[in-house]
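Report on the following structure.
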Amino acid sequence: MKKNLMLLFISLSFIFLLSEFFIRKLYPQSLQRYWVIHEPEYGLIVNKKNHLYKMHRFNEFQAKYKFGEFGNRITVDSDTFNKLETKPNILILGDSFTFGWLLKDHNTFVHKLQIDNLDFNFINSSVGAWGTAHFAAFTELYCKKIKPKKIIVFLNTDDFYRGWASKLYKSEDDILKLNKLESSPINSELSSFDKKIPFYKILKKNSHLFMLLRNKVYDLINPPSYAPANRSLYYPTTNITFTKKNILDINNFNKKIFVNLKKQANQCGADLFIIYNGWAKISDMDKLNPNKFFLKKAEEYFNNNKITYFDNSKNMANLYKDPMKYIINIDFHPNDKGAELIYIGVRDNIKKFILN
């Protein structure tokens, strides 16, 4: 009996190790927690500093992320990075599109802009789901440490709503001030399963086979809901019905946010450049979309406030003709071709701004 049990144990162990070997080689899983944390003073979500996130996977797409001192994504090799550290800093702020979600380093549009401008050090501290308030908060908290010569903000289609909804700023005497947020669960390293099930945490951190099985079981219990791959949904939407009052509140809030952002940039000696990445054609947005309400008059607003602005939608005609060609299917972030479109559209204006 004992011999049979021992044989069974050895057989199962061999099968497990063999399966683990093949999963690691052929279909590796991510064994890490998410790469963002809360900045301790106000709860702003930032990328972990000096961190290596070994693998971000979505279907057949996978990428590795390396972060620097300011949660900035590093996409250049070590030799180039060492040379860039002696150059004037350019702070890049945006959401997941600017971060380069699921793209390999060399395919991100910020990497391509960096290679075009090796006399400057691009610090891309962009974070997924950031909005206008996040850009202002990061600048307020980190600009004096980074000491950039220029700040370039890449706006996306939902950033105005996200900024307003974040509650990162509160209004006191009609002036916006940073508002301390309570940390959300991303800061927690232990789930209830980690605490209750023996070896669960160890397997989750070390076994690709275990994570594959865990994810499959989770998807069976909680089937993922994917938006259909059609032309009308290729860019982010809020999926919220807004009233005219909501829209006016969001618009007024963002006007104050950009005044604040300009003030913070000036205080740390940086020139500010705002770019709309052009991912959605403004005229195609719903008339009660608060993002459209701001973008329609963005150029006039920024000119009146002496903020350099560029609308890249004029360079995105190919995207509007065939959007599904330029996105990661189902995920809806820009694929390699989509990132290339943004890069080509903005590169000349970026170089002109940097050298000015």
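The values are calculated or read from the model by the stated rules, or taken from the named source; none is laboratory data. Just so we're clear, the structure is a prediction, and the values are computed from it rather than from any experiment. For neighbour counting, all protein chains shown are included, and Cβ atoms are generated from backbone atoms with ideal geometry for every residue, glycine included. Note: accessible area is taken over every heavy atom of the protein model, side chains too, but ligands, DNA and RNA are not part of it. Shrake-Rupley method; radii C 1.70, N 1.55, O 1.52, S 1.80 Å.
General remarks:
- Criterion (hydroxyl-bearing (S, T, Y) and within 22 Å of the chain's Cα centre (by Cα)) met by exactly one of Y320, Y276: Y276
- Taking the conditions (1) surrounded by 11 or more Cβ atoms within 10 Å (Cβ to Cβ); (2) at pLDDT below 95; (3) among the charged types (D, E, K, R); (4) assigned to a helix (DSSP H, G or I) in turn, D286 satisfies each one other than (4).
- Residue check, R57 at pLDDT 95 or above and over 23 Å from A165 (Cα atoms): no
- Any hit, segment 336-349, residues being under 29 Å from A265 (Cβ atoms), open to solvent by 50 Å² or more (accessible area, probe 1.4 Å) and in contact with an Asp or Glu (Cβ under 7 Å, 6 or more places away or on another chain): yes
- For D95, the conditions (1) surrounded by 15 or more Cβ atoms within 10 Å (Cβ to Cβ); (2) of a type in the set (D, E); (3) without any contact (Cβ under 8 Å) to a residue 24 or more places away in the chain all hold with the exception of (3).
- Checking each residue in segment 95-153 for being among the aromatic types (F, W, Y), within 15 Å of N47 (Cα to Cα) and not in a helix (DSSP H, G or I) picks out W101, W130.
A quick yes/no check of all residues on (1) of a type outside the set (V, I, T); (2) within 18 Å of the chain's Cα centre (by Cα):
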{"site": "A129", "(1), (2)": "yes, yes"}
{"site": "F138", "(1), (2)": "yes, yes"}
{"site": "K145", "(1), (2)": "yes, no"}
{"site": "I152", "(1), (2)": "no, yes"}
{"site": "S166", "(1), (2)": "yes, yes"}
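- Candidate set: segment 154-184, residues that are of a type in the set (S, T, Y) and part of a loop (DSSP other than H, G, I, E, B); chosen: the one surrounded by the most Cβ atoms within 10 Å (Cβ to Cβ): T157
- Looking across segment 306-323, just one residue is among the β-branched types (V, I, T) and crowded, with 18+ Cβ neighbours inside 10 Å, and that is I307.
- Hey, Y326 over 16 Å from T132 (Cβ atoms) and buried (at least 20 other Cβ atoms within 10 Å of the Cβ) or not: yes
- The lone criterion from (1) part of a loop (DSSP other than H, G, I, E, B); (2) hydrophobic (A, V, I, L, M, F, W, C); (3) at pLDDT below 95 left unmet by F70 is number (3).
- Tabulated pairs, segment 341-356, first under 16 Å from D119 (Cα atoms) and at pLDDT 95 or above, second of a type in the set (K, R) and in a helix (DSSP H, G or I), C-beta under 9 angstrom, 6+ apart or interchain: R347/K112
- One residue from T75, T80, T86 being touching a His at 6+ places or on another chain (Cβ under 7 Å) and either farther than 22 Å from V36 by Cα or not in a helix (DSSP H, G or I) (or both): T75
Quick grid of which residues meet (1) open to solvent by less than 10 Å² (accessible area, probe 1.4 Å); (2) over 23 Å from N156 (Cα atoms); (3) out of contact with any helix residue (DSSP H, G or I) (no Cβ under 9 Å at 6 or more places or on another chain):
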position	(1), (2), (3)
F58	no, no, yes
G68	yes, yes, no
S78	no, yes, yes
W101	no, no, yes
H111	no, no, no
G131	yes, no, no
E140	no, no, no
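- Taking the numbered list (1) modelled with pLDDT under 80; (2) of a type outside the set (A, V, I, L, M); (3) closer than 25 Å to G278 by Cβ in turn, K205 passes all entries but (3).
- Taking first residues from segment 56-70 that are basic (K, R) and partners that are part of a strand (DSSP E or B) and open to solvent by 40 Å² or more (accessible area, probe 1.4 Å), the Cβ contacts under 6 Å between residues at least 6 apart in sequence or on separate chains come to K64/K54; K66/L52.
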